[in-house]
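Enquirer: Before I ask anything, let me first share the structure, which is written out below as structure tokens.
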Amino acid sequence: MGEENKVILHGMWASPFSKRVELALRLKGVPFEYKEEDLRNKSSQLLHYNPVYKKVTVLVHNGRPIAESSLIILEYIDETWKNSLQLLPEDPYKRAKVRFWTSFIEQQLFQTMITVIKTDGEAQEKAIKEVLEKLEMLEEGMKEFFPDRNPSIDSENLGLLDLVFFSSFGLHKVREEVLGIQIIDPEKTPLLFSWVKAINQLPLVKELTPPHDKLVAFLKFIRECSQVFFNLV
Amino acid sequence: MEDEVVLLDLWASPFAIRVKIALEEKGIKYECKQEDLFNKSHLLLEMNPIHKKIPVLIHNGKPISESLIIVQYIDQVWNHKSPLLPSDPYQRSQALFWADYIDKKIYGIGRRIWMGKEDQEEAKEELIQTFKTIERELGDKLYFGGESIGYVDVALVPFTSWFYTYETCANCGIEAACPKLIAWAKRCKENESVSKALTDPLEIYGYLLQLKKRLELQ
């Protein structure tokens, strides 16, 4: 057996970007090798495969690298391994809507969430306010995707939007504990609350999620010592 | 049934130009509605309530926003001619990567140049490095898309009208640093879809000077 269909994921256990690629590969049933990268001492392979950003997460398929930047790896996986689980809808308009909202979550919400994690005091308060406002916008927007307001997720119907939302807010409880604030409020954003709960209950997601305590400790560590974590993942 | 295609536009926007080039490449007839960023129309606010920004494409009453998402949409719907994205998943992922890189870098860095504040020198360095990285990706190809214009060409070429502004504001030396990119820009203009849509560099310069004044007053 040669290089045929060899898939390697260069990732980091606490990176939400790595995690969602892992999840996508498992959902699609794609066999792969996982390589944990040490952010302080990146492998020469990683630097070779991602010379532009020098970051995890990188997928290498038959020796060719795809760096994760705005969901590119997830789309690649969807197009390369076409099976019953489709991450993106076929219909162009629905596809455009999914892309719009995943871009919103990724670029608007998640980036502001990073600011909340990295800052304190006034800067943090401002960022928290922004995140909460944007979460309410997302709540409104998602009503179209979940018309009965009851997200029913299983491993057969998970899509790109679920994966992106999960990677951005799946661990909201960890953040809420460390930061002492409520991020996904069941009263203000009931749809988002039930959505994230439904995803977190999937057996595969439970399996891939690191233990709560480990994540809490890691988040505390990032806040205290390493302002640069989010530049590395 | 005739397709109804409307573009909510701002003549100077490089993002709107991307959409215009894509529409021209596909031979799609469309209506262009000019917006005023300081006085947005009800239609814009209704069609893009989240970001309230142009460009917005309205296809048979349904709105699509974000320039690259629009270009991908156009490419998928009107797939009868001029494919912009490669069909091979790997090539496609590379095209998406580079367009995203352009999106992340050029406008933001460029803005720091024409706003002319303390970070202008630093922005100038970053801009040149960014162009050099992009030029390396072009290599010896005629276009990023290969033999003909593709997704990455569409993403980048509108910014070539802004080179004059970057040079005039900060003496960037783009031509000296990236001659292949300049040659590519000239080659792109030989395509009607591009030459029709591109703005005049001097007009852009004038526009940005005005915009800068207005932003400083706010």
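Enquirer: When only alpha-carbon atoms count, how far does region A:126-184 stretch along each of its three principal axes, as whole angstroms with the largest first?
Expert: 35, 22, 17 Å, listed from the longest principal axis down.
Enquirer: Given springs between every Cα pair under 10 Å in a Gaussian network model of chain B, which of B:D140, B:D103, B:D75 has the largest fluctuation?
Expert: Result for chain B, Cα springs under 10 Å: B:D140 fluctuates most.
Enquirer: Expressed in nm², what is the orientationally averaged projection area of the convex hull enclosing the Cα positions of region A:160-214?
Expert: 3.9
Enquirer: Is the shape of region A:48-108 best called rounded, prolate or oblate, per the rule: a/c under 1.5 gives rounded, else a/b larger than b/c gives prolate, else oblate, with a ≥ b ≥ c the square roots of the Cα gyration tensor eigenvalues?
Expert: It comes out oblate by the Cα gyration axes.
Enquirer: Mind listing, in residue-number order, the residues in region B:78-93 that have at least 40 Å² less accessible area with every protein chain present than in their own chain alone (1.4 Å probe)?
Expert: Buried by the other chains: B:P89, B:Y90, B:R92, B:S93.
Enquirer: In this model, which of A:K134/B:K20; B:K104/B:K180; A:K54/B:K53 are farther than 27 Å apart at the alpha-carbon?
Expert: Check vs 27 Å cut-off fails for A:K134/B:K20; A:K54/B:K53.
Enquirer: Okay, next question. Chains B and A: what accessible area do they bury, summed, in square angstrom to the nearest 100, with a 1.4 Å probe?
Expert: 2300
Enquirer: Then there's this: Could you state the accessible area per residue of chain B in Å², with a 1.4 Å probe and every protein chain left in place?
Expert: Per-residue accessible area for chain B comes out at 47 Å².
Enquirer: Mind jotting down the distance between the C-alpha centroids of region A:60-117 and region A:148-205, whole Å?
Expert: The distance from the Cα centre of region A:148-205 to that of region A:60-117 comes to 17 Å.
Enquirer: Normalising by the residue count of chain B, find the relative contact order in percent from Cα pairs under 8 Å and 6+ residues apart.
Expert: 21
Enquirer: On the accessible surface of region A:1-53, probed at 1.4 Å, how many percent belong to carbon and sulfur atoms?
Expert: For region A:1-53, the apolar C and S fraction of the accessible surface comes to 50 percent.
Enquirer: Would you mind giving the mean number of other chain beta-carbons within 10 Å of the Cβ of each residue in A:73-83, as a whole number?
Expert: 3
Enquirer: Which of B:L68, B:L84, B:L43 ends up with the largest GNM mean-square fluctuation for chain B, with Cα atoms connected below 10 Å?
Expert: B:L43
Enquirer: Out of A:Q124, A:Q45, A:Q201, any idea which swings most in a Gaussian network model of chain A, alpha carbons joined below 10 Å?
Expert: Result for chain A, Cα springs under 10 Å: A:Q45 fluctuates most.
Enquirer: Helix-only mean residue ellipticity at 222 nm, chain B, DSSP H runs n ≥ 4 weighted -39,500 (n - 2.57), per residue, nearest 500. What is it?
Expert: Value at 222 nm, helices only: -18000 deg cm²/dmol.
Enquirer: Are there any GluC sites (Glu not before Pro) in region B:1-68 that are in a DSSP loop and have at most 15 other Cβ atoms within 10 Å? List them by number.
Expert: In loop regions of region B:1-68 (DSSP not H, G, I, E or B), the sparsely surrounded GluC sites (Glu not before Pro) are B:E2, B:E4.
Enquirer: Go through A:P89, A:F146, A:V52 and say which Cα lies farthest out towards the positive end of the charge dipole of chain A; charges sit on Cβ, +1 for Lys and Arg, -1 for Asp and Glu.
Expert: It is A:V52, whose Cα lies furthest towards the positive end.
Enquirer: With both partners inside chain A, how many of the DSSP beta bridges are antiparallel, as a percent to the nearest 5?
Expert: If we restrict to bridges inside chain A, about 65 percent are antiparallel.
Enquirer: Treat every Asp and Glu Cβ in region B:76-178 as -1 and every Lys and Arg Cβ as +1, leave all other atoms uncharged, and give the resulting dipole magnitude about the Cα centre to the nearest 20 debye.
Expert: 300
Enquirer: A further question follows. Solvent-accessible area per residue for chain A at a 1.4 Å probe radius, Å²?
Expert: Dividing the accessible area of chain A by its residue count gives 46 Å².
Enquirer: Can you classify region A:26-129 as rounded, prolate or oblate using the Cα gyration tensor, where a ≥ b ≥ c are the square roots of its eigenvalues, rounded means a/c under 1.5, and otherwise it's prolate if a/b beats b/c and oblate if not?
Expert: Here region A:26-129 falls in the oblate category.
Enquirer: Where a ≥ b ≥ c are the square roots of the eigenvalues of the C-alpha gyration tensor, would you call region B:1-157 rounded, which needs a/c under 1.5, or, failing that, prolate if a/b is larger than b/c, or oblate?
Expert: oblate
The values are calculated or read from the model by the stated rules, or taken from the named source; none is laboratory data. Predicted, not measured: the structure shown is a model, and the values here were computed from it. Please note: Cβ atoms are built from the backbone with ideal geometry, for glycine as well, and neighbour counts cover all protein chains shown. The area values use the complete protein model at the heavy-atom level, side chains included, leaving out ligands, DNA and RNA. Shrake-Rupley method; radii C 1.70, N 1.55, O 1.52, S 1.80 Å.
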